[in-house]
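Take a look at the structure set out below.
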Amino acid sequence: MIHILHIDSSANLTTSTSRAASAKLVAEIGGLVTYRDLAAAPLPQIDGAWADARLTDPATRSDADKARLALSDVLVAELQAADTIIIGAPIYNFASPGMDGSGRAAPCDVSVFARRS
């Protein structure tokens, strides 16, 4: 069975075009779905303490270091488990928010990444 990691990021939780488009695509593909909503449950920023914990030898990490890295470990496991990643990202003012400002003029952007077996 295919495993899909479905990620939505639109701040519009109720009438988002990108959410509707990504959900439709997930339904069409079917399979086991892991869902992340980055607007409803934002991820924390990486800071110096996180970076230091990541660079510490796992055998010598403190409980605080392990706690800082716990969410990161879950996120990496979700990526590794997925056969297909579907990202529903909004287009605001003709550009995707955040790091990917590709500037595609469209009402929404749905990206699909698939791993071949």
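All of the numbers you see were taken from the coordinates with simple rules; none came from a lab. Predicted, not measured: the structure shown is a model, and the values here were computed from it. FYI the Cβ positions are ideal-geometry reconstructions off the backbone, even for glycines, and counts take in every protein chain you see.
Just one of the listed residues (LEU55, LEU79, LEU71) is surrounded by fewer than 15 Cβ atoms within 10 Å (Cβ to Cβ) and in contact with a Pro (Cβ under 9 Å, 6 or more places away or on another chain), and it is LEU71. Within region 45-64, is there a residue that is touching a residue at least 40 places away in the same chain (Cβ under 8 Å) and small (Gly, Ala, Ser)? For region 45-64, residues touching a residue at least 40 places away in the same chain (Cβ under 8 Å) and small (Gly, Ala, Ser): absent. Cβ separations smaller than 7 Å between residues 6+ apart or across chains give the following pairs from region 23-41 residues that are at positive phi to residues that are outside any loop (DSSP other than H, G, I, E, B) and surrounded by 14 or more Cβ atoms within 10 Å (Cβ to Cβ): GLY31/HIS3; GLY31/ILE4.
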